[in-house]
Amino acid sequence: MPVVRPLLGPPVPVLPALWQAGGRRGVTAAACLVAALAAGVAAGRPDLGSAAALASFTAVYGHALPHRRRAGVVAAVGAALVLSSTLGALTGRHPVVLVLTCAALVAAAAAAAVVWRVGPPGPLGVVLVAGGSSALGTAPGGLLPHALAAAAGAALAWAGCVLPWLWDPTGPERRALEAAEAAVRGGSPPAAAARAVRLADVAVRSGSRRDDGGLRDRLDDVEARFLAALPPAPPRPDPAPAAGAGVARWWHAPAAATALRLGAGAAAAGLAAVALGLTSPYWAVTTAVAVQLGTDARATRTRALQRAVGTAVGVLLAGLVVWLDLPPAAGIALAGLLQLAVELLVAAQYVLAVSCITPLALLLVHLGNPTTTAGGLVAERLAETAVGIVLALAVGLALLPRAASRRLPAAVREVAAAAAAGDDRRLHAALDHLAEVAAGARAELLPDPAVTAGVRRARAVADLGWGLLGARARGDAALAAELARRLTAGQPAS
(Lines give C-alpha, C1' and ligand atoms only; values in the text may rest on other atoms or scores of the structure.)
Protein backbone atom coordinates (compact mmCIF):
# COMPACT_ATOMS: atom_id res chain seq x y z
CA MET A 1 0.00 0.00 0.00
CA PRO A 2 1.71 3.21 -1.17
CA VAL A 3 0.48 5.38 1.73
CA VAL A 4 1.05 2.94 4.59
CA ARG A 5 4.76 2.38 3.91
CA PRO A 6 5.79 6.06 4.20
CA LEU A 7 3.63 6.38 7.32
CA LEU A 8 4.79 3.25 9.11
CA GLY A 9 8.13 2.52 7.47
CA PRO A 10 9.47 -0.88 6.36
CA PRO A 11 8.67 -4.16 8.11
CA VAL A 12 10.62 -4.93 11.27
CA PRO A 13 13.60 -7.22 10.53
CA VAL A 14 14.03 -10.50 12.35
CA LEU A 15 15.59 -10.38 15.80
CA PRO A 16 19.08 -11.63 14.76
CA ALA A 17 19.30 -8.81 12.22
CA LEU A 18 18.19 -6.27 14.82
CA TRP A 19 20.79 -7.57 17.27
CA GLN A 20 23.51 -7.40 14.64
CA ALA A 21 22.65 -3.77 13.90
CA GLY A 22 22.29 -2.42 17.43
CA GLY A 23 22.30 -5.12 20.09
CA ARG A 24 25.68 -4.42 21.69
CA ARG A 25 25.10 -0.70 21.64
CA GLY A 26 21.61 -1.14 23.09
CA VAL A 27 22.72 -3.35 25.96
CA THR A 28 25.57 -1.00 26.87
CA ALA A 29 23.36 2.10 26.75
CA ALA A 30 20.51 0.44 28.69
CA ALA A 31 22.84 -0.87 31.40
CA CYS A 32 24.45 2.56 31.88
CA LEU A 33 21.08 4.29 31.99
CA VAL A 34 19.61 1.84 34.52
CA ALA A 35 22.72 2.07 36.73
CA ALA A 36 22.57 5.88 36.73
CA LEU A 37 18.85 6.00 37.58
CA ALA A 38 19.17 3.34 40.27
CA ALA A 39 22.09 5.18 41.92
CA GLY A 40 20.09 8.40 42.02
CA VAL A 41 17.04 6.75 43.56
CA ALA A 42 19.17 4.87 46.08
CA ALA A 43 20.82 8.15 47.12
CA GLY A 44 17.46 9.85 47.54
CA ARG A 45 18.19 12.21 44.62
CA PRO A 46 16.23 10.95 41.62
CA ASP A 47 16.81 14.30 39.90
CA LEU A 48 20.55 13.66 39.90
CA GLY A 49 19.90 10.12 38.72
CA SER A 50 18.02 11.53 35.73
CA ALA A 51 20.83 14.01 35.03
CA ALA A 52 23.34 11.14 35.01
CA ALA A 53 21.04 8.99 32.87
CA LEU A 54 20.65 11.73 30.27
CA ALA A 55 24.43 12.13 30.04
CA SER A 56 24.77 8.35 29.72
CA PHE A 57 23.39 8.76 26.18
CA THR A 58 27.13 9.04 25.50
CA ALA A 59 27.03 5.24 25.25
CA VAL A 60 25.16 5.25 21.92
CA TYR A 61 28.09 6.86 20.06
CA GLY A 62 31.10 5.27 18.43
CA HIS A 63 30.26 1.56 18.58
CA ALA A 64 31.30 0.90 14.98
CA LEU A 65 34.72 2.45 15.55
CA PRO A 66 37.88 0.50 16.40
CA HIS A 67 38.55 0.67 20.13
CA ARG A 68 41.48 3.07 19.88
CA ARG A 69 39.45 5.71 18.05
CA ARG A 70 36.30 4.89 19.99
CA ALA A 71 37.92 5.85 23.29
CA GLY A 72 38.74 9.35 22.06
CA VAL A 73 35.46 9.96 20.23
CA VAL A 74 33.30 8.80 23.13
CA ALA A 75 35.30 10.89 25.61
CA ALA A 76 34.76 14.00 23.46
CA VAL A 77 31.05 13.23 23.07
CA GLY A 78 30.75 12.72 26.83
CA ALA A 79 32.33 16.10 27.52
CA ALA A 80 29.94 17.74 25.04
CA LEU A 81 26.91 16.11 26.66
CA VAL A 82 28.03 17.14 30.16
CA LEU A 83 28.36 20.72 28.94
CA SER A 84 24.93 20.49 27.28
CA SER A 85 23.39 19.12 30.45
CA THR A 86 24.89 21.87 32.59
CA LEU A 87 23.81 24.65 30.21
CA GLY A 88 20.33 23.15 29.95
CA ALA A 89 19.95 23.11 33.72
CA LEU A 90 21.32 26.66 33.96
CA THR A 91 18.92 28.13 31.37
CA GLY A 92 15.88 25.96 32.04
CA ARG A 93 13.96 28.75 33.81
CA HIS A 94 14.37 31.14 30.87
CA PRO A 95 12.68 29.71 27.76
CA VAL A 96 14.11 32.10 25.17
CA VAL A 97 17.65 31.74 26.53
CA LEU A 98 17.18 27.95 26.64
CA VAL A 99 16.09 27.86 22.99
CA LEU A 100 19.00 29.98 21.81
CA THR A 101 21.41 27.90 23.90
CA CYS A 102 20.07 24.67 22.41
CA ALA A 103 20.32 26.12 18.89
CA ALA A 104 23.95 27.14 19.48
CA LEU A 105 24.77 23.70 20.86
CA VAL A 106 23.12 22.03 17.89
CA ALA A 107 25.02 24.20 15.39
CA ALA A 108 28.35 23.52 17.10
CA ALA A 109 27.66 19.78 17.38
CA ALA A 110 26.54 19.58 13.75
CA ALA A 111 29.76 21.21 12.55
CA ALA A 112 31.86 18.96 14.78
CA ALA A 113 30.02 15.85 13.58
CA VAL A 114 30.80 16.77 9.96
CA VAL A 115 34.44 17.66 10.57
CA TRP A 116 35.27 14.69 12.82
CA ARG A 117 32.78 12.25 11.24
CA VAL A 118 31.28 11.30 14.58
CA GLY A 119 28.33 9.39 13.12
CA PRO A 120 24.77 8.88 14.38
CA PRO A 121 22.96 10.26 16.26
CA GLY A 122 25.14 13.31 15.67
CA PRO A 123 23.86 16.62 17.08
CA LEU A 124 20.57 15.11 18.25
CA GLY A 125 22.21 13.96 21.49
CA VAL A 126 23.12 17.44 22.70
CA VAL A 127 19.60 18.82 22.34
CA LEU A 128 18.01 15.77 23.97
CA VAL A 129 20.34 16.11 26.95
CA ALA A 130 20.13 19.90 27.22
CA GLY A 131 16.36 19.91 26.85
CA GLY A 132 15.78 17.05 29.26
CA SER A 133 18.08 18.64 31.83
CA SER A 134 16.22 21.93 31.54
CA ALA A 135 13.00 20.19 32.59
CA LEU A 136 14.43 18.73 35.80
CA GLY A 137 13.83 21.96 37.71
CA THR A 138 17.39 22.35 38.98
CA ALA A 139 17.72 25.31 41.35
CA PRO A 140 20.70 27.66 40.93
CA GLY A 141 22.29 26.23 44.06
CA GLY A 142 22.01 22.71 42.67
CA LEU A 143 23.92 23.34 39.47
CA LEU A 144 27.24 21.89 40.68
CA PRO A 145 25.72 18.57 41.91
CA HIS A 146 23.83 18.38 38.61
CA ALA A 147 27.02 18.85 36.58
CA LEU A 148 28.90 16.28 38.68
CA ALA A 149 26.08 13.77 38.25
CA ALA A 150 26.12 14.32 34.49
CA ALA A 151 29.89 13.84 34.45
CA ALA A 152 29.50 10.58 36.38
CA GLY A 153 26.90 9.35 33.88
CA ALA A 154 29.13 10.19 30.93
CA ALA A 155 32.14 8.53 32.58
CA LEU A 156 30.10 5.39 33.21
CA ALA A 157 29.06 5.34 29.57
CA TRP A 158 32.67 5.80 28.42
CA ALA A 159 33.75 2.85 30.55
CA GLY A 160 30.94 0.74 29.12
CA CYS A 161 31.98 1.59 25.57
CA VAL A 162 35.69 0.80 25.95
CA LEU A 163 35.39 -2.18 28.31
CA PRO A 164 34.96 -4.78 25.50
CA TRP A 165 38.55 -4.03 24.44
CA LEU A 166 39.70 -6.20 27.35
CA TRP A 167 38.26 -9.42 25.90
CA ASP A 168 37.63 -8.57 22.22
CA PRO A 169 40.25 -6.05 21.07
CA THR A 170 39.62 -6.59 17.36
CA GLY A 171 35.84 -6.98 17.59
CA PRO A 172 34.81 -3.85 15.60
CA GLU A 173 37.29 -4.64 12.81
CA ARG A 174 36.15 -8.26 12.63
CA ARG A 175 32.48 -7.31 12.45
CA ALA A 176 33.18 -4.75 9.73
CA LEU A 177 35.00 -7.44 7.74
CA GLU A 178 32.17 -9.91 8.20
CA ALA A 179 29.70 -7.32 6.93
CA ALA A 180 31.89 -6.65 3.87
CA GLU A 181 32.27 -10.36 3.14
CA ALA A 182 28.52 -10.86 3.40
CA ALA A 183 27.86 -7.89 1.09
CA VAL A 184 30.27 -9.15 -1.58
CA ARG A 185 29.23 -12.78 -1.25
CA GLY A 186 25.50 -12.04 -1.15
CA GLY A 187 25.40 -9.94 -4.29
CA SER A 188 24.45 -6.67 -2.60
CA PRO A 189 24.00 -3.63 -4.85
CA PRO A 190 27.39 -2.21 -5.88
CA ALA A 191 26.98 0.94 -3.78
CA ALA A 192 26.14 -1.03 -0.63
CA ALA A 193 28.97 -3.51 -1.20
CA ALA A 194 31.42 -0.69 -1.87
CA ARG A 195 30.45 1.06 1.35
CA ALA A 196 30.85 -2.15 3.37
CA VAL A 197 34.28 -2.85 1.86
CA ARG A 198 35.37 0.73 2.43
CA LEU A 199 34.31 0.66 6.09
CA ALA A 200 36.13 -2.64 6.59
CA ASP A 201 39.28 -1.20 5.02
CA VAL A 202 39.21 1.85 7.29
CA ALA A 203 38.46 -0.26 10.38
CA VAL A 204 41.26 -2.74 9.79
CA ARG A 205 43.88 -0.16 8.82
CA SER A 206 43.13 2.02 11.87
CA GLY A 207 42.29 -0.78 14.29
CA SER A 208 43.93 -2.75 17.06
CA ARG A 209 47.65 -3.49 17.07
CA ARG A 210 46.78 -6.96 18.36
CA ASP A 211 45.83 -8.15 14.87
CA ASP A 212 48.18 -10.98 13.92
CA GLY A 213 47.75 -10.32 10.22
CA GLY A 214 44.70 -12.50 9.74
CA LEU A 215 42.32 -9.59 9.41
CA ARG A 216 44.51 -7.90 6.82
CA ASP A 217 44.67 -11.15 4.81
CA ARG A 218 40.88 -11.38 4.87
CA LEU A 219 40.63 -7.73 3.83
CA ASP A 220 42.93 -8.37 0.86
CA ASP A 221 40.74 -11.27 -0.19
CA VAL A 222 37.42 -9.44 0.04
CA GLU A 223 38.80 -6.40 -1.82
CA ALA A 224 40.16 -8.63 -4.57
CA ARG A 225 36.75 -10.28 -4.96
CA PHE A 226 35.01 -6.93 -4.95
CA LEU A 227 37.22 -5.58 -7.75
CA ALA A 228 35.33 -7.72 -10.26
CA ALA A 229 32.12 -5.88 -9.37
CA LEU A 230 33.53 -2.40 -9.92
CA PRO A 231 32.29 -0.46 -12.94
CA PRO A 232 34.78 0.07 -15.73
CA ALA A 233 34.72 3.80 -14.95
CA PRO A 234 32.57 6.33 -13.18
CA PRO A 235 29.66 7.44 -15.37
CA ARG A 236 30.53 10.48 -17.44
CA PRO A 237 28.45 13.56 -16.74
CA ASP A 238 25.87 14.64 -19.27
CA PRO A 239 26.72 17.59 -21.47
CA ALA A 240 24.05 19.49 -19.55
CA PRO A 241 25.20 22.13 -17.02
CA ALA A 242 27.05 20.68 -14.09
CA ALA A 243 25.19 19.91 -10.87
CA GLY A 244 24.84 22.87 -8.59
CA ALA A 245 26.40 25.35 -10.99
CA GLY A 246 27.11 28.63 -9.29
CA VAL A 247 29.66 30.35 -7.11
CA ALA A 248 30.58 28.48 -3.93
CA ARG A 249 31.07 30.71 -0.89
CA TRP A 250 32.60 29.86 2.49
CA TRP A 251 29.15 29.36 4.00
CA HIS A 252 28.46 26.63 1.43
CA ALA A 253 31.13 24.44 3.05
CA PRO A 254 29.53 21.28 4.50
CA ALA A 255 30.29 22.05 8.15
CA ALA A 256 29.12 25.67 7.92
CA ALA A 257 25.99 24.93 5.88
CA THR A 258 24.93 22.05 8.12
CA ALA A 259 25.53 24.08 11.26
CA LEU A 260 23.61 27.08 9.92
CA ARG A 261 20.67 25.00 8.72
CA LEU A 262 20.28 22.94 11.87
CA GLY A 263 20.93 25.85 14.21
CA ALA A 264 18.47 28.12 12.41
CA GLY A 265 15.81 25.39 12.26
CA ALA A 266 16.23 24.66 15.97
CA ALA A 267 16.04 28.33 16.91
CA ALA A 268 13.00 28.99 14.72
CA ALA A 269 11.10 25.99 16.10
CA GLY A 270 11.93 26.78 19.71
CA LEU A 271 11.11 30.48 19.46
CA ALA A 272 7.82 29.69 17.71
CA ALA A 273 6.95 27.30 20.55
CA VAL A 274 7.74 30.04 23.08
CA ALA A 275 5.61 32.56 21.16
CA LEU A 276 2.72 30.09 21.19
CA GLY A 277 3.00 29.71 24.96
CA LEU A 278 4.04 26.05 24.90
CA THR A 279 5.71 24.99 28.13
CA SER A 280 8.54 22.82 26.77
CA PRO A 281 10.01 24.54 23.70
CA TYR A 282 13.00 22.20 23.83
CA TRP A 283 10.76 19.47 22.44
CA ALA A 284 10.06 21.55 19.33
CA VAL A 285 13.82 22.11 19.01
CA THR A 286 14.48 18.36 19.32
CA THR A 287 11.88 17.56 16.68
CA ALA A 288 13.31 20.12 14.26
CA VAL A 289 16.81 18.67 14.60
CA ALA A 290 15.61 15.07 14.20
CA VAL A 291 13.68 15.91 11.03
CA GLN A 292 16.65 17.68 9.42
CA LEU A 293 18.96 14.72 10.02
CA GLY A 294 17.47 12.74 7.12
CA THR A 295 20.18 11.10 5.02
CA ASP A 296 18.77 12.44 1.75
CA ALA A 297 15.95 14.62 0.46
CA ARG A 298 13.40 11.85 0.33
CA ALA A 299 14.49 10.57 3.75
CA THR A 300 14.12 14.07 5.22
CA ARG A 301 10.54 14.40 3.97
CA THR A 302 9.68 10.84 4.97
CA ARG A 303 11.32 11.28 8.35
CA ALA A 304 9.12 14.31 9.05
CA LEU A 305 6.02 12.22 8.41
CA GLN A 306 7.30 9.26 10.40
CA ARG A 307 8.45 11.51 13.23
CA ALA A 308 4.89 12.82 13.52
CA VAL A 309 3.41 9.32 13.61
CA GLY A 310 6.02 7.95 16.01
CA THR A 311 5.80 10.93 18.35
CA ALA A 312 2.01 10.72 18.48
CA VAL A 313 2.21 7.07 19.48
CA GLY A 314 5.09 7.73 21.87
CA VAL A 315 3.35 10.64 23.58
CA LEU A 316 0.26 8.53 24.16
CA LEU A 317 2.47 5.81 25.68
CA ALA A 318 4.24 8.40 27.83
CA GLY A 319 0.88 9.76 28.98
CA LEU A 320 -0.15 6.25 29.98
CA VAL A 321 3.09 5.74 31.92
CA VAL A 322 2.66 9.03 33.77
CA TRP A 323 -0.98 8.22 34.52
CA LEU A 324 -0.04 4.78 35.92
CA ASP A 325 2.45 6.46 38.32
CA LEU A 326 4.76 3.45 38.38
CA PRO A 327 6.98 2.83 41.40
CA PRO A 328 10.61 3.90 40.86
CA ALA A 329 11.92 0.37 40.29
CA ALA A 330 9.33 -0.32 37.59
CA GLY A 331 9.99 3.06 35.98
CA ILE A 332 13.73 2.40 35.88
CA ALA A 333 13.24 -1.06 34.37
CA LEU A 334 10.88 0.37 31.74
CA ALA A 335 13.40 3.09 30.88
CA GLY A 336 16.09 0.45 30.33
CA LEU A 337 13.82 -1.59 28.07
CA LEU A 338 12.89 1.49 26.06
CA GLN A 339 16.55 2.41 25.60
CA LEU A 340 17.33 -1.09 24.37
CA ALA A 341 14.36 -1.00 21.99
CA VAL A 342 15.45 2.35 20.55
CA GLU A 343 18.93 1.10 19.69
CA LEU A 344 17.60 -2.12 18.18
CA LEU A 345 15.05 -0.33 16.00
CA VAL A 346 16.50 3.05 15.08
CA ALA A 347 18.38 1.93 11.98
CA ALA A 348 15.61 -0.32 10.65
CA GLN A 349 12.24 1.06 11.78
CA TYR A 350 12.26 4.76 12.56
CA VAL A 351 8.57 5.00 13.49
CA LEU A 352 8.87 2.38 16.22
CA ALA A 353 12.17 3.85 17.40
CA VAL A 354 10.57 7.28 17.83
CA SER A 355 7.61 5.62 19.54
CA CYS A 356 10.13 4.35 22.11
CA ILE A 357 12.48 7.32 22.42
CA THR A 358 9.61 9.75 23.06
CA PRO A 359 8.37 8.01 26.23
CA LEU A 360 11.99 7.32 27.23
CA ALA A 361 12.94 11.01 27.17
CA LEU A 362 9.75 12.02 28.96
CA LEU A 363 10.07 9.21 31.50
CA LEU A 364 13.61 10.31 32.42
CA VAL A 365 12.31 13.79 33.14
CA HIS A 366 9.30 12.45 35.05
CA LEU A 367 11.47 10.21 37.24
CA GLY A 368 13.63 13.19 38.18
CA ASN A 369 10.86 15.78 38.44
CA PRO A 370 7.44 14.06 38.77
CA THR A 371 5.21 17.11 38.36
CA THR A 372 3.70 16.45 34.91
CA THR A 373 0.08 15.41 34.42
CA ALA A 374 -0.81 12.90 31.71
CA GLY A 375 -3.32 15.13 29.93
CA GLY A 376 -1.08 18.19 29.80
CA LEU A 377 1.89 16.12 28.61
CA VAL A 378 0.03 14.64 25.63
CA ALA A 379 -1.43 17.92 24.35
CA GLU A 380 1.77 19.93 24.81
CA ARG A 381 4.12 17.42 23.19
CA LEU A 382 1.90 16.92 20.15
CA ALA A 383 1.71 20.68 19.60
CA GLU A 384 5.47 21.08 20.04
CA THR A 385 6.12 18.24 17.62
CA ALA A 386 3.94 19.88 14.96
CA VAL A 387 5.76 23.19 15.39
CA GLY A 388 9.16 21.50 15.12
CA ILE A 389 8.25 19.61 11.92
CA VAL A 390 6.79 22.63 10.14
CA LEU A 391 9.68 24.95 11.00
CA ALA A 392 12.32 22.34 10.17
CA LEU A 393 10.93 21.82 6.67
CA ALA A 394 10.53 25.56 6.12
CA VAL A 395 14.12 26.32 7.09
CA GLY A 396 15.42 23.36 5.11
CA LEU A 397 13.72 24.66 1.98
CA ALA A 398 14.64 28.32 2.42
CA LEU A 399 18.17 28.39 3.89
CA LEU A 400 21.14 27.55 1.63
CA PRO A 401 19.09 25.14 -0.52
CA ARG A 402 21.99 24.50 -2.96
CA ALA A 403 24.97 24.90 -0.64
CA ALA A 404 26.46 21.42 -1.06
CA SER A 405 25.63 20.85 -4.73
CA ARG A 406 27.56 24.02 -5.66
CA ARG A 407 30.72 22.35 -4.34
CA LEU A 408 30.11 18.84 -5.70
CA PRO A 409 31.76 19.12 -9.16
CA ALA A 410 34.94 20.64 -7.72
CA ALA A 411 35.08 17.97 -5.00
CA VAL A 412 34.88 15.20 -7.62
CA ARG A 413 37.60 16.81 -9.74
CA GLU A 414 39.88 17.15 -6.72
CA VAL A 415 39.64 13.40 -5.98
CA ALA A 416 40.67 12.50 -9.53
CA ALA A 417 43.49 15.06 -9.50
CA ALA A 418 44.81 13.75 -6.18
CA ALA A 419 44.68 10.16 -7.47
CA ALA A 420 46.59 11.11 -10.63
CA ALA A 421 49.20 12.96 -8.58
CA GLY A 422 49.92 9.89 -6.46
CA ASP A 423 49.62 11.90 -3.22
CA ASP A 424 47.84 9.63 -0.71
CA ARG A 425 47.50 12.31 1.98
CA ARG A 426 45.88 14.67 -0.51
CA LEU A 427 43.64 11.86 -1.81
CA HIS A 428 42.47 10.96 1.68
CA ALA A 429 41.60 14.58 2.43
CA ALA A 430 39.82 14.90 -0.93
CA LEU A 431 37.75 11.77 -0.28
CA ASP A 432 36.77 12.98 3.19
CA HIS A 433 35.70 16.30 1.70
CA LEU A 434 33.77 14.59 -1.11
CA ALA A 435 31.89 12.45 1.41
CA GLU A 436 30.84 15.56 3.34
CA VAL A 437 29.76 17.45 0.22
CA ALA A 438 27.86 14.50 -1.25
CA ALA A 439 26.02 13.92 2.04
CA GLY A 440 24.95 17.55 2.02
CA ALA A 441 23.84 17.36 -1.61
CA ARG A 442 21.72 14.28 -0.91
CA ALA A 443 19.99 16.11 1.95
CA GLU A 444 18.82 19.05 -0.16
CA LEU A 445 15.03 19.05 0.04
CA LEU A 446 14.33 20.06 -3.57
CA PRO A 447 17.23 18.56 -5.53
CA ASP A 448 17.81 19.47 -9.16
CA PRO A 449 17.98 16.43 -11.52
CA ALA A 450 21.58 17.35 -12.29
CA VAL A 451 22.36 17.11 -8.57
CA THR A 452 21.06 13.55 -8.47
CA ALA A 453 23.34 12.59 -11.37
CA GLY A 454 26.24 14.36 -9.70
CA VAL A 455 25.70 12.44 -6.46
CA ARG A 456 25.72 9.13 -8.34
CA ARG A 457 28.97 10.07 -10.00
CA ALA A 458 30.45 11.18 -6.67
CA ARG A 459 29.58 7.83 -5.12
CA ALA A 460 31.33 5.95 -7.94
CA VAL A 461 34.41 8.15 -7.68
CA ALA A 462 34.52 7.73 -3.90
CA ASP A 463 34.29 3.94 -4.11
CA LEU A 464 37.22 3.81 -6.50
CA GLY A 465 39.21 6.35 -4.52
CA TRP A 466 38.93 4.53 -1.20
CA GLY A 467 39.83 1.28 -2.92
CA LEU A 468 42.90 2.96 -4.42
CA LEU A 469 44.05 4.17 -1.01
CA GLY A 470 43.68 0.67 0.42
CA ALA A 471 45.61 -0.92 -2.44
CA ARG A 472 48.46 1.57 -2.11
CA ALA A 473 48.61 1.09 1.66
CA ARG A 474 49.13 -2.66 1.17
CA GLY A 475 51.63 -2.20 -1.64
CA ASP A 476 49.42 -3.91 -4.23
CA ALA A 477 50.76 -2.12 -7.30
CA ALA A 478 48.66 -4.03 -9.83
CA LEU A 479 45.37 -3.36 -8.07
CA ALA A 480 46.33 0.28 -7.44
CA ALA A 481 47.13 0.81 -11.12
CA GLU A 482 43.82 -0.71 -12.21
CA LEU A 483 41.81 1.40 -9.76
CA ALA A 484 43.67 4.57 -10.76
CA ARG A 485 42.98 3.81 -14.42
CA ARG A 486 39.29 3.34 -13.75
CA LEU A 487 39.12 6.46 -11.62
CA THR A 488 40.76 8.77 -14.16
CA ALA A 489 39.08 7.17 -17.19
CA GLY A 490 35.73 8.77 -16.39
CA GLN A 491 37.09 12.14 -15.34
CA PRO A 492 36.36 14.86 -17.88
CA ALA A 493 38.99 17.43 -18.69
CA SER A 494 38.65 20.52 -16.56
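The values are calculated or read from the model by the stated rules, or taken from the named source; none is laboratory data. Just so you know, these numbers come straight off a predicted model, no measurement behind them. Because the Cβ atoms are built from the backbone with ideal geometry, glycine has one as well, and the counts that use them run over all protein chains shown.
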Please state which of the following conditions PRO145 fails to meet, knowing it meets all the rest: (1) within 18 Å of GLY368 (Cβ to Cβ); (2) surrounded by 20 or more Cβ atoms within 10 Å (Cβ to Cβ). (2)
Name the one entry in GLY122, GLY137 that is on the phi > 0 side of the Ramachandran plot, in contact (Cβ under 8 Å) with a residue 60 or more places away in the chain, outside any helix (DSSP H, G or I) and under 21 Å from the mean Cα position of the chain (by Cα). GLY122
Checking ALA157 against (1) at pLDDT 85 or above; (2) in contact with a Ser or Thr (Cβ under 6 Å, 6 or more places away or on another chain); (3) within 29 Å of ALA269 (Cα to Cα), which single condition isn't satisfied? (3)
Name the one entry in ALA394, ALA435 that is part of a helix (DSSP H, G or I), touching a residue at least 24 places away in the same chain (Cβ under 8 Å), outside the structural domain of GLY119 (by TED's automatic domain parsing) and not hydroxyl-bearing (Ser, Thr, Tyr). ALA435
On the basis of being modelled with pLDDT of 95 or more, hydrophobic (A, V, I, L, M, F, W, C), surrounded by 19 or more Cβ atoms within 10 Å (Cβ to Cβ) and touching a helix residue (DSSP H, G or I) at 6+ places or on another chain (Cβ under 6 Å), does LEU18 make the cut? no
Meets criteria (of a type outside the set (S, T, N, Q) and either closer than 16 Å to GLU343 by Cα or free of Cβ contacts under 8 Å to residues at least 60 places away in the same chain (or both)) for PRO66: no
Specify which of the listed residues (VAL77, VAL34) is over 22 Å from GLY331 (Cβ atoms) and part of a helix (DSSP H, G or I). VAL77
Of residues in region 87-103 being closer than 19 Å to THR287 by Cα and not β-branched (Val, Ile, Thr), the one modelled with the lowest pLDDT: GLY92
What are the pairs with Cβ atoms under 7 angstrom where one residue, in region 15-30, is in the same structural domain as ALA347 (by TED's automatic domain parsing) and the other, located anywhere, is surrounded by fewer than 17 Cβ atoms within 10 Å (Cβ to Cβ)? Sequence gap at least six, or different chains. ALA21/ALA347; GLY22/ALA347
Filtered residue count, region 77-104, keeping only those that are under 26 Å from ALA21 (Cβ atoms) and either touching a Phe, Trp or Tyr at 6+ places or on another chain (Cβ under 8 Å) or among the hydroxyl-bearing types (Ser, Thr, Tyr) (or both): 3
So the check is Cβ under 6 Å with 6+ separation or different chains; which pairs have a first residue in region 341-352 that's in the same structural domain as GLY26 (by TED's automatic domain parsing) and at pLDDT below 90 and a second one that's surrounded by fewer than 21 Cβ atoms within 10 Å (Cβ to Cβ) and not in a helix (DSSP H, G or I)? ALA348/PRO13; GLN349/VAL12
Restricting to region 468-487, count the residues that are over 15 Å from ARG426 (Cα atoms) and assigned to a helix (DSSP H, G or I). 11
Given the criterion among the hydrophobic types (A, V, I, L, M, F, W, C), assigned to a helix (DSSP H, G or I) and either surrounded by fewer than 24 Cβ atoms within 10 Å (Cβ to Cβ) or outside the structural domain of LEU136 (by TED's automatic domain parsing) (or both), identify the matching residue among ALA111, ALA51, ALA103. ALA111
Scan region 54-74 for residues that are more than 24 Å from PRO145 (Cα to Cα) and either outside any helix (DSSP H, G or I) or not hydrophobic (A, V, I, L, M, F, W, C) (or both) and jot them down. TYR61, GLY62, HIS63, ALA64, LEU65, PRO66, HIS67, ARG68, ARG69, ARG70, GLY72
Is there a residue in region 301-312 that is modelled with pLDDT of 85 or more and either among the aliphatic types (A, V, I, L, M) or not in a helix (DSSP H, G or I) (or both)? no
